[in-house]
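Written below as structure tokens is the structure these notes are about.
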Amino acid sequence: MTAMPALKIEDDARPKPLEPVAVAPPPPEERRRRAADFAEPGQRRTRYSLPTHLESGSPVGFRTRLPLSREEVVQALRLFALERPSEFASSGSVTERELFEEASLGVLSSRQSTNFNGHRQTTFGPADSARLSGLLRRLDGLEAPVLDGAAYTHVVFSRPYRTPFTFLLTLVGHPPVVSPFTVALRALRKRFQHADDIPTIGYLQHLHLGILADAMERAAVLASGDERRAQIFMAPFAGDARRRANAAVLEEIEAMCGLSARDRRQGWRVALVAQVGAALPHERVGLEPELCRKLGANLLALRSERIQPGVNAEESAPAQYHQRQSMDVPDELTVMAGRAAYNAFSHWTGVSREEARRLALLERVDVLTPNGKERLRDIRRELDDITDEVVRNLPLWADLPTGRALSRNAARGRKAFALAGQRIYIGGLSRREVEEAGLVWEHAVRAFGAAASRSGLVAELAGCQDLPSDCDLLTGVCLMAGPVNQNDIGKSFQGRADLLASAFPERDPTSLLVWTLKAKTVADPIGNEEQLLNRERKGALVDLRPAPHEVVQVVSGGRRTPMRHRDGKVNAERAFAEWDNFVVAPDGREIPGNRGSAWPAVWSAEAVWPREQS
Amino acid sequence: MAGGVERRGGVAEGAVVSDVVLELQSPPGTLGSFARALTGARKRAPAGVSIPRLQVNLSPQVAEAQRLAEYRRLCGLRDDGRLPPTWPQVLAAPLHVALLTHRSFPLPALGVVHVSQRIEQLRPLPADAALALTAIVEGHREVEQGVELDLVTEARLKDELVWRGVSVLLSRRRSHQARPPRRASEQLPGEAPGSLRSVVWRAGEDAGRRYAAVSGDWNPIHLHPLTARAFGFPRAIAHGMWTFARSLGEAMQELPGDASEGVLRVEVAFRRPVLLPSAVHFSCRRAEEGVPVGGIAFELRSKDAAKVHLSGTVEVGATPEVIRPSP
């Protein structure tokens, strides 16, 4: 079999430096905080109320942003311009706590659609890492050199994206009369062949992976106090041709991880491998250990709430949401967000920055301009039209027995397409151009996920710079696939054009993600799809993020053990809790269960691989 | 009594007061005890009669390793090679049932409620310690809800007193079978600031059966909704000692690093049963007014923190102050 060429890392793929951009808060009289409170006994709970309790093994919890000084932001921005490590230094022992905290910033909190857990991780110690290095070197399509001396190695599995929304999609786009048969056929193909209803649903799996890779790179730095770096590989596992070429090695890796036949039937596949090792002194990022921990707590806060940058102007919203604030997303911040996106795309594909700028298609919609408002209206109208047609054409034989629940849920999606914000990026790629550039499409989609995520993070970080005490944040970001998915329904079943078609004519674009930036001081209500769909949980607020034992296993002494599942105990610790940035009511009362409970100190201080340390 | 000897002591003047001492080589079976509890449900103590001094002694027992491991798992306790502070109370539970169902015990055993518990562990106990146990009940106090009595348990390791517990039990008057009144400590939803730990646990539907298998406490109120309803509960309720052990294990992690070597003192008040299944909220905080300095105060509440199931304190001191029954 012909070996596929490895990616060539171009010399001018180095990231362009990012600069901190201050976001001016509004005048003091306009500043508002969410100030969410518990519903009093007898009072109806709404999406604006604090949850009654949190029952969760996730390390995240409900957090608030921590203010960062300009100098701290300058240091933090280095995390968004990391270059790959050239080699690993010799490594000391790794404690259980460090591994937990790294996972907390990686696979346990990486952005995914809010009601989906699509990743699993198996972590190996030094001895197994040496064996994995040998396997990695046999792979075609490596995008970076395999390094020796890894302290540990993560193997990440991913699975196709499946949620109540994708269940609904099974019923979309079928001709009448024959729909009972075509729906059944599609359902079977989805179940047994992991087919997708629309292409963008398939892309979501890869976008999530790119986001995770970007997060894991930062996680290795922060959890180790800037002692360690990660070398992450995605390319050998992206695309059918690569997977076929690497089938034998993939099988060995899967066997090391204990992937079962049942796992494979559910669609779990090796998607990413991350070697983590001690950084060479001159390759350290240059962050103070205390700042590493503060950033860890802040990154969890950014993942804690689903920020919706729009103004929640519904009547039931508290007063602070109705008032407009004299704040704008500075143009410089939008530029930095764009720069971060190109840096990330270049970093993960290995193409030059110039090539990244050419391949990553970003349409910027400035809502503050007349053209921007018009563009936004057009998009909303288009997406609404698509939704209307979907609702009209849902098979009655499925919708009526559910009391029209399906069409109601389909219509509810309009809220997801509100696209409120001041600066909006619609991003995507041209498959034709990507492949002409020698990139594998799936790999490029992963890199784009990383790009969008990093772009949003830069804006969110700016929203913490010099954060006044009477503000929740200064800028918020919402990263969405909803509008793209809805557009793809229109493309696939209604003959409509891609969202990016007008901005990039003749380039056959495929839109992948939308992210909106909004300057505001009020954080939005916490919420997720499960809460909306599940009556029993309404108002209770469900935290669907996984606990460590649910998605991470650690291999030590030949045994695979779920992380933080020991002697009947599972994790209830919130990572980086010493920063105490937990959501509280205005009178200081806390959400029961939010603060969590630390893992026994004796256990968390243990070396994970005591016998394998060099 | 199977495997044991019963001795009777002297008779005092005035009201009939007998001393009974049971000497056991092995823990008594609880099935017989529960059967006696059922048949003794109609007991009424004559006016003016106090509870005689009843005592049971159990020869040294070593904890079965598997049983101890399962106990730790159920209660979320780390295996540190020592006996959990609540373990002697678990070992003594069959002795307590034997006392409360003895023919000389004048009150009906059914319906006796465990109101509070005090424990003093004078030193850490190795997991393979052979503990000799003594349980004593004597006298009572008249309280508003009924009759309150102290059940004192002592554990000895080679004649050295190493552990002492006082269980305060309440035998309710018929007119006081209703729910306790709302207490001042119950509060609105949300949790006061200052918690060191705040976590929601889930008590599964089978929690009572699993704990019964380890502890030997097969009281039907803990086992199944049907058996619990026969005794007036809407669903099975968790063993108080399980909720206590679980809470104590969590709270002890906040004690100073050298806590394992000192004298451990624990007090807990049981306020409201935990229905099964349910989610409950545990929290603990540092000493404040009324709590021993350096100690940890802990609470188990409903998941929204509105209702209190139990509250307690744990501290480590240098000097033993052997706890005594209430006056």
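Specify which of the listed residues (A:Pro27, A:Pro20, A:Pro67) is at pLDDT 90 or above, buried (at least 22 other Cβ atoms within 10 Å of the Cβ) and within 21 Å of A:Cys464 (Cα to Cα).
Values: A:Pro27 fails: buried (at least 22 other Cβ atoms within 10 Å of the Cβ); A:Pro67 fails: buried (at least 22 other Cβ atoms within 10 Å of the Cβ).
So the residue among A:Pro27, A:Pro20, A:Pro67 that is at pLDDT 90 or above, buried (at least 22 other Cβ atoms within 10 Å of the Cβ) and within 21 Å of A:Cys464 (Cα to Cα) is A:Pro20.
Just to be sure I understand the filter: pairs with C-beta atoms under 7 Å, separated by 6 or more residues or on different chains, first member in the stretch A:500-525 and more than 15 Å from A:Val23 (Cβ to Cβ), second member of a type in the set (Ser, Thr, Tyr) and in a loop (DSSP other than H, G, I, E, B). Which pairs pass?
A:Pro525/A:Tyr48
Return the total of residues in the stretch B:297-319 being of a type in the set (Asp, Glu) and more than 14 Å from chain A (Cβ to nearest Cβ). Full working, then the answer.
Just the residues of the stretch B:297-319 that are of a type in the set (Asp, Glu), to begin with: B:299, B:304, B:315.
When the remaining residues are screened for being more than 14 Å from chain A (Cβ to nearest Cβ), the result is B:315.
Number satisfying all stated conditions: 1.
Can you say whether A:Leu479 is of a type in the set (A, V, I, L, M), within 29 Å of A:Thr349 (Cβ to Cβ) and at pLDDT below 90, as far as the supplied structure shows? Let's see the steps before the verdict.
Values: of a type in the set (A, V, I, L, M): yes; within 29 Å of A:Thr349 (Cβ to Cβ): yes; at pLDDT below 90: yes.
In short, yes.
Let me confirm something: among B:Gly216, B:Gly249, which residue is under 26 Å from B:Ala63 (Cβ atoms), within 12 Å of chain A (Cβ to nearest Cβ) and not hydrophobic (A, V, I, L, M, F, W, C)? Before the answer, list the steps.
Numbers: B:Gly216 fails: within 12 Å of chain A (Cβ to nearest Cβ).
Result: B:Gly249 is the single residue among B:Gly216, B:Gly249 that is under 26 Å from B:Ala63 (Cβ atoms), within 12 Å of chain A (Cβ to nearest Cβ) and not hydrophobic (A, V, I, L, M, F, W, C).
Name the pairs whose Cβ atoms lie under 8 Å apart, with the first residue in the stretch A:420-435 and closer than 15 Å to A:Glu363 by Cβ, the second at pLDDT 95 or above and of a type in the set (Val, Ile, Thr), and 6 or more positions between them or separate chains?
A:Gly428/A:Thr510; A:Leu429/A:Val445; A:Leu429/A:Thr510; A:Ser430/A:Thr510
Inside the stretch A:552-565, can you point out the residues that are hydroxyl-bearing (Ser, Thr, Tyr) and surrounded by 16 or more Cβ atoms within 10 Å (Cβ to Cβ)?
Start the filter on the stretch A:552-565 by keeping residues that are hydroxyl-bearing (Ser, Thr, Tyr), which leaves A:556, A:561.
Once the filter is applied, which keeps residues that are hydroxyl-bearing (Ser, Thr, Tyr) and surrounded by 16 or more Cβ atoms within 10 Å (Cβ to Cβ), the stretch A:552-565 yields only A:Ser556.
Just to be sure I understand, how many residues within the stretch A:574-607 are at the interface with chain B (Cβ under 9 Å from one of its Cβ atoms), more than 27 Å from the chain's Cα centre (by Cα) and surrounded by fewer than 22 Cβ atoms within 10 Å (Cβ to Cβ)?
So the answer is 8.
For the stretch A:485-501, indicate whether the set of residues that are within 30 Å of A:Leu142 (Cβ to Cβ), at pLDDT below 95 and not aromatic (Phe, Trp, Tyr) is non-empty.
Going through the stretch A:485-501, the residues within 30 Å of A:Leu142 (Cβ to Cβ) turn out to be none.
So far as the stretch A:485-501 goes, no, none of its residues is within 30 Å of A:Leu142 (Cβ to Cβ), at pLDDT below 95 and not aromatic (Phe, Trp, Tyr).
For every residue, the table says whether it meets (1) at pLDDT 80 or above; (2) aromatic (Phe, Trp, Tyr).
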residue	(1), (2)
A:Asp378	yes, no
A:Asp388	yes, no
A:Arg392	yes, no
A:Trp397	yes, yes
A:Ala411	no, no
A:Arg414	no, no
A:Ala418	no, no
A:Ser430	yes, no
A:Glu433	yes, no
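Could you figure out which of (1) touching a helix residue (DSSP H, G or I) at 6+ places or on another chain (Cβ under 8 Å); (2) assigned to a helix (DSSP H, G or I) isn't true of A:Val74?
Failing condition for A:Val74: (1).
Looking at A:Gly568, is it facing chain B (nearest Cβ under 10 Å), free of Cβ contacts under 8 Å to residues at least 40 places away in the same chain, surrounded by fewer than 19 Cβ atoms within 10 Å (Cβ to Cβ) and under 19 Å from B:Cys284 (Cα atoms)?
Values: facing chain B (nearest Cβ under 10 Å): yes; free of Cβ contacts under 8 Å to residues at least 40 places away in the same chain: yes; surrounded by fewer than 19 Cβ atoms within 10 Å (Cβ to Cβ): yes; under 19 Å from B:Cys284 (Cα atoms): no.
Here the answer is no, as A:Gly568 does not meet what is asked.
Confirm whether A:Ser113 is away from every other protein chain (no Cβ under 14 Å), part of a loop (DSSP other than H, G, I, E, B) and more than 26 Å from the chain's Cα centre (by Cα). Let's see the steps before the verdict.
Values: away from every other protein chain (no Cβ under 14 Å): yes; part of a loop (DSSP other than H, G, I, E, B): yes; more than 26 Å from the chain's Cα centre (by Cα): no.
It is false that A:Ser113 is away from every other protein chain (no Cβ under 14 Å), part of a loop (DSSP other than H, G, I, E, B) and more than 26 Å from the chain's Cα centre (by Cα).
Just one of the numbered conditions (1) in a helix (DSSP H, G or I); (2) more than 14 Å from every other protein chain (Cβ to nearest Cβ); (3) at pLDDT 90 or above is not true of B:Ser175; which one?
(3)
Quick check on my filter: what residues within the stretch A:343-379 are hydrophobic (A, V, I, L, M, F, W, C) and closer than 17 Å to A:Tyr425 by Cα? Walk me through how you get there before you give the answer.
Step one: list which residues in the stretch A:343-379 are hydrophobic (A, V, I, L, M, F, W, C), which gives A:344-345, A:348, A:351, A:356, A:359-362, A:365, A:367-368, A:376, A:379.
Result: A:Ala344, A:Phe345, A:Ala356, A:Leu359, A:Ala360, A:Leu361, A:Leu362, A:Val365, A:Val367, A:Leu368, A:Leu376, A:Ile379.
Only one of (1) crowded, with 17+ Cβ neighbours inside 10 Å; (2) over 18 Å from the mean Cα position of the chain (by Cα); (3) within 14 Å of chain A (Cβ to nearest Cβ) is not met by B:Pro277, so which one is it?
Among (1) crowded, with 17+ Cβ neighbours inside 10 Å; (2) over 18 Å from the mean Cα position of the chain (by Cα); (3) within 14 Å of chain A (Cβ to nearest Cβ), the lone unmet condition for B:Pro277 is (1).
For (1) closer than 18 Å to A:Gly463 by Cβ; (2) within 14 Å of chain B (Cβ to nearest Cβ), each residue gets a yes or a no:
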{"position": "A:Leu54", "(1), (2)": "no, yes"}
{"position": "A:Gly61", "(1), (2)": "no, yes"}
{"position": "A:Pro67", "(1), (2)": "yes, no"}
{"position": "A:Glu72", "(1), (2)": "yes, no"}
{"position": "A:Phe88", "(1), (2)": "no, no"}
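Scanning the stretch A:299-314 for residues that are out of contact with any strand residue (DSSP E or B) (no Cβ under 7 Å at 6 or more places or on another chain) and in a helix (DSSP H, G or I), which turns out modelled with the highest pLDDT?
Checking each candidate, the answer is A:Leu299.
Do any strands (runs of 3 or more DSSP E) lying entirely in the stretch B:1-100 carry at least 3 residues that are at pLDDT 90 or above and more than 27 Å from B:Glu148 (Cβ to Cβ), and which ones are they?
Filter on the stretch B:1-100 gives B:54-62.
Looking at B:Leu100, B:Leu68, B:Leu107, can you tell me which residue is more than 15 Å from B:Val162 (Cα to Cα), more than 15 Å from the chain's Cα centre (by Cα) and more than 14 Å from chain A (Cβ to nearest Cβ)? Give the derivation first.
Values: B:Leu100 fails: more than 15 Å from the chain's Cα centre (by Cα); B:Leu68 fails: more than 14 Å from chain A (Cβ to nearest Cβ).
Going through B:Leu100, B:Leu68, B:Leu107 in turn, the sole match is B:Leu107.
What number of residues within the stretch B:185-202 are away from every other protein chain (no Cβ under 12 Å) and crowded, with 23+ Cβ neighbours inside 10 Å? Can you show your working first?
Here is the first cut: in the stretch B:185-202, the ones away from every other protein chain (no Cβ under 12 Å) are B:185.
Right, trim to crowded, with 23+ Cβ neighbours inside 10 Å and you get none.
Qualifying residue count for the region: 0.
For B:Gln117, indicate whether it is crowded, with 19+ Cβ neighbours inside 10 Å and not in a helix (DSSP H, G or I).
Values: crowded, with 19+ Cβ neighbours inside 10 Å: yes; not in a helix (DSSP H, G or I): yes.
So B:Gln117 fits the description; yes.
Within the stretch A:228-248, identify whether any single residue is touching a residue at least 60 places away in the same chain (Cβ under 8 Å), of a type in the set (Lys, Arg), surrounded by 24 or more Cβ atoms within 10 Å (Cβ to Cβ) and not in a helix (DSSP H, G or I), and answer yes or no.
The answer is yes; a qualifying residue exists.
Out of A:Phe165, A:Phe157, A:Phe181, I need the residue that is assigned to a helix (DSSP H, G or I) and buried (at least 19 other Cβ atoms within 10 Å of the Cβ). Which one? Spell out how you get there, then give the answer.
Working: A:Phe157 fails: assigned to a helix (DSSP H, G or I); A:Phe181 fails: buried (at least 19 other Cβ atoms within 10 Å of the Cβ).
Every option except A:Phe165 fails the conditions.
Checking B:Gly240 against (1) within 30 Å of B:Ala109 (Cβ to Cβ); (2) touching a His at 6+ places or on another chain (Cβ under 7 Å); (3) within 14 Å of chain A (Cβ to nearest Cβ): exactly one of these is not met. Which one?
Result: B:Gly240 fails condition (3) only.
The values are calculated or read from the model by the stated rules, or taken from the named source; none is laboratory data. Bear in mind that the values here come from a model prediction, so they are computed numbers and not experimental data. Counting neighbours? That spans all protein chains shown, and the Cβs are built from the backbone with ideal geometry, glycine included.
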